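Accompanying notes for the structure given below.
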Amino acid sequence: MVYQYILGGIIAYYSLMFVFGVYGSSSKKKINDCVNINSASENGKLCSQEGSDCVDIIIVGAGVAGSALAYTLGKDGRRVHVIERDLSEPDRIVGELLQPGGYLKLIELGLEDCVEEIDAQRVFGYALYKDGKNTKLSYPLEKYNADISGRSFHNGRFIQKMRQKASSIPNVKLEEGTVTSLIEGNGSIKGVNYRTKSGQEIIANAPLTIVCDGCFSNLRRSLCNPKVDVPSHFVGFILEKCNLPHANHGHVILGDPSSILFYPISSTETRCLVDVPGEKLPSISNGDMARYLKTVVTPQVPLELCCAFIEAVDKGNIRSMPNRSMPACPYLKPGAILIGDAFNMRHPLTGGGMTVALSDIVLLRDLLRPIHHLHHASSLSKYLESFYTLRKPVASTINTLAEALYKVFSASSDTASKEMREACFDYLSLGGVFSEGPIALLAGLSPSPLILLLHFFGVAIYGVSRLLLPFPSPKRLWIGARLIYVRGALGIIFPIIKDEGVREMFFPFTVAAYYRTPPA
């Protein structure tokens with residue numbers, strides 16, 4: 001009997017070990033799957049478990065677009081893995097002004113508290129200066145709640161708040177790492193290769209990869225045909241404890257050779273951005289830039305700001321950033337989508353970049369909501385093609401306005417260009433519909449390609465009418481013709497519209513992708 005009990009005990013012990021051993025290894029496998037990292041592969045890299053269901057979407061980049069998208073998709077129940085090269089607070093001289101239209105999108109995404117507790121300043125419009133004259137252009141906000149306005153802030157503080165908000169969603173994972181390439185197989189994007197902060201090479205798989213790694217993206221060439229133009233640089237620095245002539249307004253000086261911007265970014269700081277045309281800048285390190293700012297720019301700065309301007313230049317904390325423009329020219333590639341500055345850029349003169357990005361995120365969220373499973377890459381890609389068409393009216397209006405205003409506001413020795421610049425300033429100074437329409441477009445409150453076109457030609461016709469009254473002369477007729485055809489339709493607006501896509505911009509409903517329905 002004793003031997004039977006001993007034998008039974010041994011059999012029971014090993015039976016239990018076998019059962020729990022199998023269960024334990026299965027549990028470990030599930031845990032590994034959910035972490036999305038498996039054992040070392042043959043080439044020494046750490047690999048995602050092939051076919052793992054634990055991550056729905058990989059987002060490359062955690063700037064404004066990536067963080068907002070991660071929060072939005074995570075809140076909708078998606079399991080999101082965000083990979084960002086550097087999770088420390090960014091320090092940039094652009095991306096500091098959110099237009100009212102962008103703030104409305106922020107509210108729609110549930111992210112409006114991200115502009116709180118960062119000393120953000122409310123912005124109600126612009127003050128435009130030219131040759132000693134100035135006019136105040138206020139946003140048409142009468143039909144909105146009292147809280148609706150633009151916001152200006154330190155870019156880094158805003159992004160950190162967005163990242164914190166995304167991290168608050170349990171199914172969103174933010175990781176610091178550098179994505180080195182997209183993984184492609186059978187014509188689809190399967191995920192990404194990335195290097196962690198500790199130097200590990202990892203493969204991460206997901207049914208959908210969204211690339212939004214910013215203006216310096218090293219992945220965009222896999223997903224679009226980039227045509228990047230750098231017409232100028234912004235030279236930026238901060239003025240301390242100075243009062244702008246028009247409180248809570250951005251200030252735009254139509255200077256020579258280009259525009260000068262002032263706007264508050266905190267209760268004690270005012271950002272100054274000087275646009276310097278061309279690819280080459282005066283050297284900051286040897287003092288050439290400081291001399292340029294003092295001799296060329298200072299005489300054009302409003303008297304109320306001159307002392308603070310010179311003091312800020314003397315402090316020497318001067319930085320620069322290229323102003324990039326890039327129309328959206330995507331490749332349709334199953335398993336991936338491109339958004340943000342990695343996908344589409346416009347001159348930052350009008351501060352429309354974040355408005356475009358947030359508008360795109362709202363649209364992409366709405367398109368993805370009916371989709372329960374993301375694994376059918378080809379059908380999903382065909383459906384998401386509609387994203388590139390549906391975004392066009394809003395994005396193209398803001399893009400076109402930014403590019404056109406930059407060209408019109410830039411100084412030129414050409415007589416027709418001077419007339420167009422003068423006509424634009426005086427047209428906006430008329431007030432009423434002449435200022436409210438363009439400012440509503442700039443603010444992203446009512447983006448309409450047709451309204452933009454009407455106002456642009458309204459400026460040109462207004463300029464011609466001034467040339468022809470009271471009596472036309474052959475010289476004035478010639479300048480008027482050049483204003484319409486060289487500095488108007490043919491010279492400025494039509495080339496921009498052509499790059500944006502005439503059909504997609506004005507007649508998106510004629511594009512087949514406009515009517516795509518969610519795949520079953």
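Values for this structure:
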{"item": "Residue satisfying all of: in the range 310-324; open to solvent by less than 50 Å² (accessible area, probe 1.4 Å) and out of contact with any His (no Cβ under 8 Å at 6 or more places or on another chain); modelled with the lowest pLDDT among these", "result": "Gly316"}
{"item": "Hits in the range 443-452 - residues which are open to solvent by 40 Å² or more (accessible area, probe 1.4 Å) and either of a type in the set (Asp, Glu) or modelled with pLDDT of 95 or more (or both)", "result": "Leu450, Ile451"}
{"item": "Exclusive hit being within 30 Å of Ala247 (Cβ to Cβ) and touching a residue at least 12 places away in the same chain (Cβ under 8 Å), set Ser181, Ser138, Ser188", "result": "Ser138"}
{"item": "Pairs where the first residue, in the range 53-66, is over 18 Å from Thr180 (Cα atoms) and the second is among the acidic types (Asp, Glu) and surrounded by 24 or more Cβ atoms within 10 Å (Cβ to Cβ), C-beta under 8 Å, 6+ apart", "result": "Ala65/Asp341; Ala65/Asp360"}
{"item": "Number of positions in the range 293-329 that are of a type in the set (Val, Ile, Thr) and outside any helix (DSSP H, G or I)", "result": "2"}
{"item": "Single unsatisfied condition, Gly102 versus (1) touching a Leu at 6+ places or on another chain (Cβ under 6 Å); (2) open to solvent by less than 60 Å² (accessible area, probe 1.4 Å); (3) of a type outside the set (A, V, I, L, M, F, W, C); (4) farther than 19 Å from Cys212 by Cα", "result": "(4)"}
{"item": "Counted residues, the range 325-342 - those being out of contact with any Lys or Arg (no Cβ under 7 Å at 6 or more places or on another chain) and buried (at least 18 other Cβ atoms within 10 Å of the Cβ)", "result": "9"}
{"item": "Flag if Ala411 is in a loop (DSSP other than H, G, I, E, B) and either closer than 30 Å to Leu483 by Cβ or of a type in the set (Phe, Trp, Tyr) (or both)", "result": "yes"}
{"item": "Subset of the range 212-249 [of a type outside the set (S, T, N, Q), under 12 Å from Met345 (Cβ atoms) and either within 17 Å of the chain's Cα centre (by Cα) or in a loop (DSSP other than H, G, I, E, B) (or both)]", "result": "Gly214, Cys215, Phe216, Arg220, Cys224, Pro226, Lys227, Val228, Asp229, Val230"}
{"item": "Qualifying residue in the range 423-430 (condition: closer than 20 Å to Ser258 by Cα, in a helix (DSSP H, G or I), of a type in the set (A, V, I, L, M) and in contact (Cβ under 8 Å) with a residue 12 or more places away in the chain)", "result": "yes"}
{"item": "Tabulated pairs, the range 490-506, first under 19 Å from Tyr406 (Cβ atoms) and of a type in the set (Asp, Glu), second assigned to a helix (DSSP H, G or I) and modelled with pLDDT of 95 or more, C-beta under 7 angstrom, 6+ apart or interchain", "result": "Glu500/Ser396; Glu500/Asn399; Glu500/Thr400"}
{"item": "Looking only at the range 465-497, and only at residues there that are open to solvent by 100 Å² or more (accessible area, probe 1.4 Å) and aliphatic (A, V, I, L, M), the one that is nearest to Asp229 (Cα to Cα)", "result": "Leu490"}
{"item": "Conditions (1) of a type outside the set (Ser, Thr, Tyr); (2) over 18 Å from Leu363 (Cα atoms); (3) at pLDDT 95 or above; (4) open to solvent by 60 Å² or more (accessible area, probe 1.4 Å); number of the one not met by Arg92", "result": "(3)"}
{"item": "Among (1) free of Cβ contacts under 8 Å to residues at least 40 places away in the same chain; (2) touching a strand residue (DSSP E or B) at 6+ places or on another chain (Cβ under 8 Å), the one test that Ala308 misses", "result": "(1)"}
{"item": "Per-region count, the range 262-286, residues open to solvent by 10 Å² or more (accessible area, probe 1.4 Å), touching a Lys or Arg at 6+ places or on another chain (Cβ under 7 Å) and not in a strand (DSSP E or B)", "result": "1"}
{"item": "Residues (open to solvent by less than 20 Å² (accessible area, probe 1.4 Å) and of a type outside the set (D, E, K, R)) located in the range 355-366", "result": "Thr355, Val356, Ala357, Leu358, Ser359, Ile361, Val362, Leu364"}
{"item": "Filter result for the condition that a residue is open to solvent by 10 Å² or more (accessible area, probe 1.4 Å) and either in contact with a Lys or Arg (Cβ under 9 Å, 6 or more places away or on another chain) or farther than 30 Å from Gly437 by Cα (or both), over Ser379, Ser386", "result": "Ser379"}
{"item": "Failed condition for His373, given (1) open to solvent by less than 60 Å² (accessible area, probe 1.4 Å); (2) over 14 Å from the mean Cα position of the chain (by Cα); (3) under 20 Å from Gly74 (Cβ atoms); (4) of a type outside the set (A, V, I, L, M, F, W, C)", "result": "(1)"}
{"item": "Filter result (under 20 Å from Pro495 (Cα atoms) and among the acidic types (Asp, Glu)) within the range 381-440", "result": "Glu403, Asp414"}
{"item": "Flag for Phe457 being of a type in the set (Phe, Trp, Tyr) and closer than 30 Å to Ser149 by Cα", "result": "yes"}
{"item": "Helices (runs of 4 or more DSSP H) (entirely within the range 474-520) containing at least 1 residues that are among the aliphatic types (A, V, I, L, M) and within 30 Å of the chain's Cα centre (by Cα)", "result": "494-500, 502-506"}
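The values are calculated or read from the model by the stated rules, or taken from the named source; none is laboratory data. Worth saying up front: this structure is predicted, and the values here are computed from it rather than measured. Positions of Cβ are backbone-derived with ideal geometry, glycine not excepted, and every protein chain shown enters the neighbour counts. The area values use the complete protein model at the heavy-atom level, side chains included, leaving out ligands, DNA and RNA. Shrake-Rupley method; radii C 1.70, N 1.55, O 1.52, S 1.80 Å.
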